[in-house]
Each structure stands twice: as C-alpha cells, then as structure tokens.
Amino acid sequence: MAEKFTWEGLYALLEGRKRERPEGSYTTYLFEKGLDKILKKVGEESTEVVIAAKNRDKKETIYEIADLAYHVMVLMVETGITPGDVTKELASRHVIDKKVKQEKMASDSEGRK
C-alpha cells in the first residue's frame with residue numbers, strides 16, 4: 001500500500017535527493033543546476049498555472065499547480081525554508097477580527113510611504 005502523501009514527507013524526500021544526488025533523478029538534476037534553474041522552473045510553472053486557470057481547465061490547472069508546488073518545494077529545500085516556516089508565516093496572517101486586519105493594512109500602508 002502506498003504511503004499517505006504529506007508536504008513534510010515530500011520535503012524530506014527532496015532533502016534526501018539533494019543530499020544523496022541519485023543518478024537519473026530529475027530532482028538531482030535541478031539541484032545540480034542550482035538556484036537559477038530552479039527559479040526558472042518556478043516561473044515557468046507559475047505561467048502554466050495561469051494559462052490553465054485562464055482556460056478554465058480544472059484538470060490541467062490541478063496538474064500545473066502540482067508541478068508548481070513541487071518546484072516551490074525544491075526551491076524551499078535549496079534555500080533552507082521549511083514547510084514549518086511557511087506554516088508559521090501563514091498563521092501569522094490569519095486575522096479573525098476584520099477591524100484589526102483593516103488597521104494592520106492601514107499601518108502597513110503608512111509604513112511604506
């Protein structure tokens with residue numbers, strides 16, 4: 001039976017690919033080519049998500065989002081960003097009180113001026 005997918009599991013797999021560099025692995029290829037190649041792939045996959053979504057092709061959009069998520073995870077491993085780092089950032093943005101959110105946005109706008 002196949003192991004249940006988790007983001008943490010994928011991240012650990014990618015870390016292993018970076019460390020072990022198994023021959024013939026696409027992930028190994030990305031790590032060997034380095035940050036510029038990884039960033040290029042993230043950009044390409046982002047564009048493909050936009051095109052699929054614009055075409056309102058749900059199946060293709062899901063496929064392209066999965067490709068983008070994989071390449072973003074490769075980028076995360078390359079740059080030392082963990083799923084926990086992203087989870088923590090998203091949690092910090094979760095604001096229940098709309099007024100507090102509006103005040104935060106207003107103060108952020110003031111700070112950028």
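The values are calculated or read from the model by the stated rules, or taken from the named source; none is laboratory data. Quantities reported herein were computed from a predicted structural model and do not represent experimental measurements. We place every Cβ from the backbone using ideal geometry, glycine too, and count neighbours over all the protein chains shown.
To keep it simple, each residue is scored yes or no on (1) under 29 Å from MET105 (Cβ atoms); (2) touching a Phe, Trp or Tyr at 6+ places or on another chain (Cβ under 7 Å); (3) not assigned by TED's automatic domain parsing to the domain that holds MET105.
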{"site": "THR6", "(1), (2), (3)": "no, no, yes"}
{"site": "LYS18", "(1), (2), (3)": "no, yes, yes"}
{"site": "GLY24", "(1), (2), (3)": "no, no, yes"}
{"site": "THR27", "(1), (2), (3)": "no, no, yes"}
{"site": "LYS37", "(1), (2), (3)": "no, no, yes"}
{"site": "VAL49", "(1), (2), (3)": "yes, no, yes"}
{"site": "ALA66", "(1), (2), (3)": "no, no, yes"}
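Quick one: LEU90 ticks every box in (1) modelled with pLDDT of 95 or more; (2) within 21 Å of PHE5 (Cβ to Cβ) except a single one, so which number is it?
Every listed condition holds for LEU90 apart from (1).
Being touching a helix residue (DSSP H, G or I) at 6+ places or on another chain (Cβ under 6 Å) and either within 28 Å of GLU89 (Cα to Cα) or assigned to a loop (DSSP other than H, G, I, E, B) (or both): is that true of THR47 here? So that I can check it myself, show each step before the final result.
Values: touching a helix residue (DSSP H, G or I) at 6+ places or on another chain (Cβ under 6 Å): no; either within 28 Å of GLU89 (Cα to Cα) or assigned to a loop (DSSP other than H, G, I, E, B) (or both): yes.
Spelling it out, it is not the case that THR47 is touching a helix residue (DSSP H, G or I) at 6+ places or on another chain (Cβ under 6 Å) and either within 28 Å of GLU89 (Cα to Cα) or assigned to a loop (DSSP other than H, G, I, E, B) (or both).
Which one of these does GLU60 not meet: (1) surrounded by 12 or more Cβ atoms within 10 Å (Cβ to Cβ); (2) free of Cβ contacts under 8 Å to residues at least 12 places away in the same chain; (3) more than 27 Å from GLU3 (Cβ to Cβ)?
Of everything listed in (1) surrounded by 12 or more Cβ atoms within 10 Å (Cβ to Cβ); (2) free of Cβ contacts under 8 Å to residues at least 12 places away in the same chain; (3) more than 27 Å from GLU3 (Cβ to Cβ), GLU60 misses just condition (3).
If I go through region 1-36 residue by residue, how many of them are of a type in the set (A, V, I, L, M), loosely packed, with under 13 Cβ neighbours inside 10 Å and within 15 Å of THR79 (Cβ to Cβ)?
Number of matching residues: 1.
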